[in-house]
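Undergrad: I am attaching a structure below and will ask some questions about it afterwards.
The values are calculated or read from the model by the stated rules, or taken from the named source; none is laboratory data. No experiment lies behind these values; they were computed from the predicted model shown. Cβ atoms come from the backbone with ideal geometry, glycine included; neighbour counts cover every protein chain shown.
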Amino acid sequence: MANPVYYYTLTLVLTIFHSVHPSIQLQYIESNALRDIQQLLNYPSALSSFDNSWDFCNIEPTPSLTLVCYEDNVTQLHIIGNNGGVPPLPQNFSIDALFVSLVRLSNLKVLSLVSLGLWGPLPDTIGKLTSLEILNVSSNYLNGFIPVELSYLRDLQTLILDHNNFTGQLPAWLSSLRALAVLSLKNNSLFGTLPNSIASLESLRILSVPNNHLFGEVPYLHNLTNLQVLELENNHFGPHFPSLHNKVVTLVLRNNSFQFGLPGELGSYYQLQKLDISLNEFVGPFLPSLLALPWINYIDVSGNKLTGKLFQNMSCNDELGFVDLSSNLLTGDLPSCLQPKFKSRAVMFARNCLSDGEQEQHPSSFCHTEALAVEVLPQKHKYKGHHAKAVIASSILGGVFGIAVIAGLSFFVIHRRSSRFYGKTPSTRFITEKVSAANTVKLLSDARYISETMKLGANLPTYRAFSLEELKEATNDFACSSIMGEGSHGQIYKGKLGDGTVVSIRSLKMGKKHSAQTYTHHIEMISKLRHNHLASALGHCFECCPVDSSVSIIYLIFEFVPNGTLRSCISEGSARQRLNWNQRIAAAIGVAKGVQFLHTGILPGVFSNNLKITDVLLDQNFHVKISSYNLPLLAENKGMGGAGFSSPGLKPNVRGRTKHEDKDDVYDIGVILLEILVGRPIMSENEVMVVKDILQVSNKMDDTARRSIVDPTIVKECSGESLKTVMEICLRCVSNEAADRPSVEDVLWTLQFAAQVQDPWRLDSSHHHHSTAPQQTISSLEKM
C-alpha cells in the first residue's frame, strides 16, 4: 500500500499551486518550458543560466538568444545559431517534444528558431500557438509538406521557411492567412504551380520562392496593391510576364522560362529599385525608360534576346549602380550615362552588337539575323482560318498522344506490379515501384521532369532497382579483384551486368539502420541527377539485415566511364596522346555544363562538389563526364555513424551555406583550367598560387608571353583571342575573393566564345596539331 504521507504531501503541493495567482502559475509553466527547450536543444547556455524561476524576462539579449516579455509573460523568443557554433543536437532529440514545450508559451507572438539543425517534419502542434504573428524557422533541415495546421494561425503576418527541405505543392489554404504580409520559402524542394488563392492575400508585401521546382503561369497579382517584393529566381515559371501592380520595388525573375516581349507598363513601375529578368527567353524591344526610373539602382536583363537600338543621349537615374545588358541583340551606341567614366556604376554589355569596343561585341549582322529569327516565334499565335484549325488539330493530336503515353506508362507499371503479385517476381524493378503512389503520380505527370530527363540523359537506360544477386554476379560476389578504389563512404567496384553493360558500383555503409522507405526520398533525388556531362546513376540496391529488414548497405550503380581522367589526357603520358586545344576547350565546356546542371538543375542546387581534374572522366569518344559530386545521400550519410544523425530528406549543404557557396565550384573549374593551360599536374594550393601569378603577369603582356607558359603541345594550335579568353576567365575563377568570381553561366558563355573564335582560326591555320585522340571540332563537342 502506498504511503499516506506521500498522498498528503502531493495534495498539499497541488492545493498551494492552485491557490497562487494565475499569472504566477503561468510564469512557473513558462519558466519550466524554457528550461525544457534548452535541454532539448542543448543550446543556448543563457537559458540555463538564470537562477530564479521568475527572472527569465530580465535575461540580457545575446546574438543567440532574445527573450521579450509583456506583463511578465514571454511574447517573443529568438534562438539563433551562431555560424556553426551550435553544439550538435542530442542523440535523443525530438522536434515533437520541442514544440510541445513551445506550446506552453501560450502568449508567444514571435518565434525564431534559425540555424539550429532542427530536422524532421514541422509538427502539427504548431497550430496550437494561436497568438503567433511571426514564425521564422529558416536554415534548418525541416522536411515534409507544409503542415495544414499553420492555417489555424489566423494572426500570422510573417512566415519564413527558407533553406529547408520542404516538399509538396504550395497549399491553397495559404489564402486563409488573411493577415499574411511576408511569405518566404527560398531554397526548398517545393514543386507544382503557385496557387491562384495567393492572389487574395491583400496584405501580402513579400512573396519569395526562389530555388524550388515551381512551374507554370504566375497567378494574376495585379490586385495585390501592397506587394513590393516578388522573387521567383531559379524555377520554371512562364511563359508570360507576371501581371503586377506598379508599386513593386523588387522584381526578380532570373533563370525561369519566361518568353515573349516585356510589357509596356513595366516602364511605369515608378517605385522599382531592383529588376532582374536575366537568363530567360524574352524577345522584342528593350525598354530604355527602365534606366531612368526614379528609384532604380539595379538592372539585369542579360541572357535574353531583347532587341532595339541604343543612343548616347539616353538618360539614367543617378542612383543606378549595376546594369547588365549582356548577351542580347542590342544595337547602336552605348548611352553616355553607362560609359566607364562613371566609376561607381558597374556596367556589362558584352555579346550584343553595340558600337562600343570596350567589351566583346557581335557584328551588327548577327543581331539583325537573330532578331529576324525570334520575331517569327510570336507569329505562331496569330494563325487564322484553316491555319488555326490545323494548329488546333495538331494540339488535339498531341494531347491524345500525350495521354496515350501516360496511360501506357501507367499500364506498364500496373502490369509489372500485377506480375509480381501473381508470383512472377522479376529480378529487377523500376524506381517507380519503390516509391509511394503519390510520388509515382508525380513522376508520371510532371512533364517538365520527363522532358528534361529525356533530353539530358537520352542515352542512358531507365533508372531501376537492382537485386543483390545481380550485383554479386556482376562483381564475382564482390571479389577483391573487382575493387576499383575506396570512397569516403565505402568501396567502389567494377562490374559487368548480365547484358554485358560495364558499371561502377559504389557501396554506402549505413551507420544506423533504417527501413528502405527511409531512403526513398534520396533515391528519387539521385535518379534525377542524369546529364550528358555527369557519370549518372543507373540504379540502386538495398542490402537488408535478415533479422529486422533494416538497410545496412546501399549500392549505387553508375555508368562506367572507360577512357581515364582528364588529367591523364592533358598532363600525363606522351605528347602524342594528349588532347589538342580544340578538345581541351570542349572538355572545359563539358565540365561547366555539368556543374551548371548541378547548380540549377531539376534538384535543389548541389553545391560545393570539391571538383578535381581527376574527377573528370572521358568516355570512349573523349566526352567529358564528372564522376564525383555531392550526392544528397552522401551528404546525409556523414552523420549516420554517430550521435549526430541527421534526418531523412536532408538537402546537402543547407546548414552553414554562404552567399557565395556556388563560387566554390567555380574556383575548382578555374584550377582545372589552369592545368588545361599549362599541361602539367597541379597538386597543391601553393602550386595554384604560383601558376596563377605567372598567368597574371603573362596575360598582361603580349601574345608571345602568353604562349610561352602554355603546354608546348598546344602552343601552335590556339588562336591568340581564344587563348587570351580562356586565360582571363581562368584568372577570374581562381580569384581569392568569392564575390569576384564569375557565375557558372558566365564561365560557360566565355568558354563557348573561346570556342567560336577558335573554329575559324583552326580552319584557316596551317599549324593544326594531329593528336591520337579523335579530332572532333569544337562546335560539335561543345553541343554535347
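Undergrad: Output yes when any residue across segment 83-103 is closer than 24 Å to Glu231 by Cβ, modelled with pLDDT of 85 or more, touching a helix residue (DSSP H, G or I) at 6+ places or on another chain (Cβ under 8 Å) and not aromatic (Phe, Trp, Tyr), and no when none is.
TA: Scanning segment 83-103, I find no residue that is closer than 24 Å to Glu231 by Cβ, modelled with pLDDT of 85 or more, touching a helix residue (DSSP H, G or I) at 6+ places or on another chain (Cβ under 8 Å) and not aromatic (Phe, Trp, Tyr), so the answer is no.
Undergrad: Output the number of the condition that Leu214 fails; it satisfies all remaining conditions of (1) within 23 Å of Leu180 (Cα to Cα); (2) crowded, with 22+ Cβ neighbours inside 10 Å; (3) touching a helix residue (DSSP H, G or I) at 6+ places or on another chain (Cβ under 9 Å).
TA: Exception for Leu214: condition (3).
Undergrad: List every residue pair whose Cβ atoms sit under 7 Å apart, with the two residues 6 or more apart in sequence or on different chains, where the first one lies in segment 238-251 and is within 16 Å of Ala199 (Cβ to Cβ) and the second, anywhere, is of a type in the set (D, E, K, R) and in a loop (DSSP other than H, G, I, E, B).
TA: His240/Glu217
Undergrad: Same structure again: Limited to segment 460-498, what total is found for residues that are free of Cβ contacts under 8 Å to residues at least 24 places away in the same chain, charged (D, E, K, R) and under 14 Å from Ala537 (Cα atoms)?
TA: So the count comes out to 0.
Undergrad: State all residues of segment 139-163 that are surrounded by 18 or more Cβ atoms within 10 Å (Cβ to Cβ) and of a type in the set (Asp, Glu); if no residue qualifies, say none.
TA: Asp162
Undergrad: Of the residues in segment 734-751, how many are touching a Lys or Arg at 6+ places or on another chain (Cβ under 6 Å) and either surrounded by 16 or more Cβ atoms within 10 Å (Cβ to Cβ) or aromatic (Phe, Trp, Tyr) (or both)?
TA: Matching residues across segment 734-751 total 4.
Undergrad: Now a separate question. Just to check your reading of the model, which residue among Glu728, Glu675, Glu737 is farther than 21 Å from Glu572 by Cα, at pLDDT 90 or above and among the acidic types (Asp, Glu)?
TA: Glu728
To keep it simple, each residue is scored yes or no on (1) out of contact with any Ser or Thr (no Cβ under 6 Å at 6 or more places or on another chain); (2) without any contact (Cβ under 8 Å) to a residue 60 or more places away in the chain; (3) basic (Lys, Arg).
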residue: Gly168; (1), (2), (3): yes, yes, no
residue: Ser176; (1), (2), (3): no, yes, no
residue: Ser189; (1), (2), (3): no, no, no
residue: Thr193; (1), (2), (3): yes, yes, no
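Undergrad: Collect the residues in segment 509-541 that are at pLDDT 85 or above and outside any loop (DSSP other than H, G, I, E, B), keeping them in residue-number order.
TA: Leu534, Ala537, Leu538, Gly539, His540, Cys541
Undergrad: Assuming Ser327 fulfils every condition listed in (1) in contact (Cβ under 8 Å) with a residue 40 or more places away in the chain; (2) touching an Asp or Glu at 6+ places or on another chain (Cβ under 6 Å) apart from one, which condition is it?
TA: Ser327 satisfies all of (1) in contact (Cβ under 8 Å) with a residue 40 or more places away in the chain; (2) touching an Asp or Glu at 6+ places or on another chain (Cβ under 6 Å) except (2).
Undergrad: Next question. Quick check, is Glu486 modelled with pLDDT of 85 or more, more than 30 Å from Phe191 (Cβ to Cβ) and not hydroxyl-bearing (Ser, Thr, Tyr)?
TA: It is false that Glu486 is modelled with pLDDT of 85 or more, more than 30 Å from Phe191 (Cβ to Cβ) and not hydroxyl-bearing (Ser, Thr, Tyr).
Undergrad: List the pairs whose first member sits in segment 266-280 and is free of Cβ contacts under 8 Å to residues at least 24 places away in the same chain, whose second member is of a type outside the set (Gly, Ala, Ser) and surrounded by fewer than 18 Cβ atoms within 10 Å (Cβ to Cβ), and whose Cβ atoms are under 8 Å apart, counting only residues at least 6 apart or on separate chains?
TA: The qualifying pairs are Ser268/Asn246.
Undergrad: Here is a further query. Which one of these does Leu650 not meet: (1) at pLDDT 70 or above; (2) in a loop (DSSP other than H, G, I, E, B); (3) of a type outside the set (Ser, Thr, Tyr); (4) surrounded by 21 or more Cβ atoms within 10 Å (Cβ to Cβ)?
TA: (1)
Undergrad: Further, regarding this structure: Which members of segment 275-295 meet the condition of being hydrophobic (A, V, I, L, M, F, W, C) and in contact with a strand residue (DSSP E or B) (Cβ under 8 Å, 6 or more places away or on another chain)?
TA: Leu275, Ile277, Phe282, Val283, Phe286, Leu290, Leu291
Undergrad: From the list Leu227, Leu183, exactly one residue is outside any loop (DSSP other than H, G, I, E, B) and at pLDDT 90 or above. Which is it?
TA: Leu183
Conditions tested, residue by residue: (1) of a type in the set (A, V, I, L, M, F, W, C); (2) modelled with pLDDT of 85 or more; (3) farther than 23 Å from Tyr555 by Cβ.
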{"position": "Gly590", "(1), (2), (3)": "no, yes, yes"}
{"position": "Leu598", "(1), (2), (3)": "yes, yes, no"}
{"position": "Lys612", "(1), (2), (3)": "no, yes, yes"}
{"position": "Asn621", "(1), (2), (3)": "no, no, yes"}
{"position": "Gly641", "(1), (2), (3)": "no, no, no"}
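Undergrad: Still on this model: When you go through Leu272, Leu287, Leu329 one by one, which is the residue that is within 20 Å of Leu232 (Cβ to Cβ), at pLDDT 90 or above and in contact with a helix residue (DSSP H, G or I) (Cβ under 7 Å, 6 or more places away or on another chain)?
TA: Leu287
Undergrad: Across segment 599-624, what is the total count of residues that are surrounded by 24 or more Cβ atoms within 10 Å (Cβ to Cβ) and assigned to a helix (DSSP H, G or I)?
TA: Looking only at that region, the number is 0.
Undergrad: Given the structure, is Glu717 in contact with a Phe, Trp or Tyr (Cβ under 9 Å, 6 or more places away or on another chain) and at pLDDT below 90?
TA: Criteria met by Glu717.
Undergrad: Let me ask something else about it. Just give me the residues in segment 682-730 being loosely packed, with under 14 Cβ neighbours inside 10 Å and not in a helix (DSSP H, G or I), in sequence order.
TA: Passing the criteria: Met683, Ser684, Lys700, Met701, Asp702, Ser708, Pro712, Lys716.
Undergrad: For a quick check of your reading of the model, give me the residue pairs whose first member lies in segment 499-517 and is within 13 Å of Cys541 (Cα to Cα), whose second is assigned to a helix (DSSP H, G or I) and at pLDDT 70 or above, with beta-carbon atoms closer than 8 Å and at least 6 apart or on different chains.
TA: Filtered contacts from segment 499-517: Ile505/Leu471; Ile505/Ala474.
Undergrad: Pick out, from segment 294-339, the strands (runs of 3 or more DSSP E) lying fully within it that include 2 or more residues that are of a type in the set (Lys, Arg) and more than 17 Å from Asn255 (Cβ to Cβ).
TA: none
Undergrad: Still on this structure: Please specify each residue of segment 186-224 satisfying the condition of being within 21 Å of the chain's Cα centre (by Cα), of a type outside the set (D, E, K, R) and assigned to a loop (DSSP other than H, G, I, E, B).
TA: Of everything in segment 186-224, those that are within 21 Å of the chain's Cα centre (by Cα), of a type outside the set (D, E, K, R) and assigned to a loop (DSSP other than H, G, I, E, B) turn out to be Asn187, Asn188, Ser189, Leu190, Thr193, Leu194, Val209, Pro210, Asn211, Asn212, Val218.
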